[in-house]
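The next block holds one structure in the form of structure tokens; read it before the comments.
The values are calculated or read from the model by the stated rules, or taken from the named source; none is laboratory data. Since we're looking at a predicted model, the values are computed, not measured. Cβ: placed from backbone, ideal geometry, glycine included. Neighbour counts: every protein chain shown. Only protein heavy atoms, including side chains, enter the accessible area calculation; ligands, DNA and RNA are left aside. Shrake-Rupley method; radii C 1.70, N 1.55, O 1.52, S 1.80 Å.
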Amino acid sequence: MDFLNKIFNEDCLQTMSRMPDKSIDCVITDPPYGLNNDFDFVKLAIKEMQRISLMQIIILDWRNPLTIESNKFAELVWEYGWISGGRTKSKHFYPTHNTIHFCGKDIFNFDTKNGSIIKRQSGFSSPRQCSYAKKSGHPYEKPIKLMEYLVERTNGETILDPFMGSGTTIVACINKNKKYIGIELDKKHFETAQQRINLLKI
């Protein structure tokens with residue numbers, strides 16, 4: 001079956017089970033969290049990612065209890081927003097970052113001059129945190145610039161996102177001339193991703 005430059009509306013475990021070992025250069029994904037607390041499913045998906053790909057780039061939210069230990073060689077912190085409103089008067093700290101975990105084979109060009117933090121900057125804020133950002137409707141959408149940053153620094157031609165959501169990783173792949181595979185179970189988000197892809201191909 002030819003997977004390249006296609007997206008699939010199905011369970012990612014089903015799709016990945018049909019892929020040969022190490023047939024993908026890199027997985028770049030943002031696994032779900034807080035969805036029925038089904039972390040065992042995500043753990044199984046990560047095992048499949050590690051089977052079929054050379055490198056895995058996995059974005060985890062501070063609320064996600066998953067830990068990435070197998071073959072991890074680096075991590076980055078992405079500052080996605082800022083504290084505002086009533087939270088500024090709170091006695092507590094509110095995280096405004098995600099951690100990006102790198103596992104498997106190192107085929108990534110790290111920007112070591114800027115350290116291990118992707119600092120808050122124009123275009124890199126979470127669409128949830130940015131009032132003027134164009135939003136897809138996905139509650140945890142990632143900014144295109146962040147995904148382009150990860151995609152373009154990956155030494156490899158094929159990128160898989162098994163938790164595609166509204167398709168931001170796929171949009172980044174098309175913008176940076178990478179081959180892509182996307183998988184999303186939710187039909188509404190899948191259709192949004194398809195629409196975004198279609199607009200880029202006009």
Out of Asp111, Asp106, Asp61, sole residue that is within 30 Å of Lys179 (Cβ to Cβ) and at pLDDT 95 or above: Asp106
Complete set of residues in the range 1-49 that are at pLDDT below 95 and outside any loop (DSSP other than H, G, I, E, B): Phe39, Asp40, Phe41, Val42, Lys43, Leu44, Ala45, Ile46, Lys47
Members of the range 152-196 found to be buried (at least 19 other Cβ atoms within 10 Å of the Cβ), β-branched (Val, Ile, Thr) and in a helix (DSSP H, G or I), listed by number: Thr168, Thr169, Ile170, Val171, Thr192
Within the range 68-84, tally of residues that are under 13 Å from Asn98 (Cα atoms) and at pLDDT below 90: 4
Residues of the range 2-26 satisfying the condition of being polar (S, T, N, Q) and either in contact (Cβ under 8 Å) with a residue 24 or more places away in the chain or open to solvent by less than 40 Å² (accessible area, probe 1.4 Å) (or both): Asn5, Asn9, Thr15, Ser17, Ser23
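Residue-by-condition table, conditions (1) modelled with pLDDT of 95 or more; (2) under 13 Å from Trp78 (Cβ atoms); (3) surrounded by 19 or more Cβ atoms within 10 Å (Cβ to Cβ); (4) of a type in the set (Phe, Trp, Tyr):
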site: Ile118; (1), (2), (3), (4): no, yes, yes, no
site: Gly123; (1), (2), (3), (4): no, yes, no, no
site: Pro127; (1), (2), (3), (4): no, no, yes, no
site: Lys142; (1), (2), (3), (4): no, yes, yes, no
site: Leu150; (1), (2), (3), (4): yes, yes, yes, no
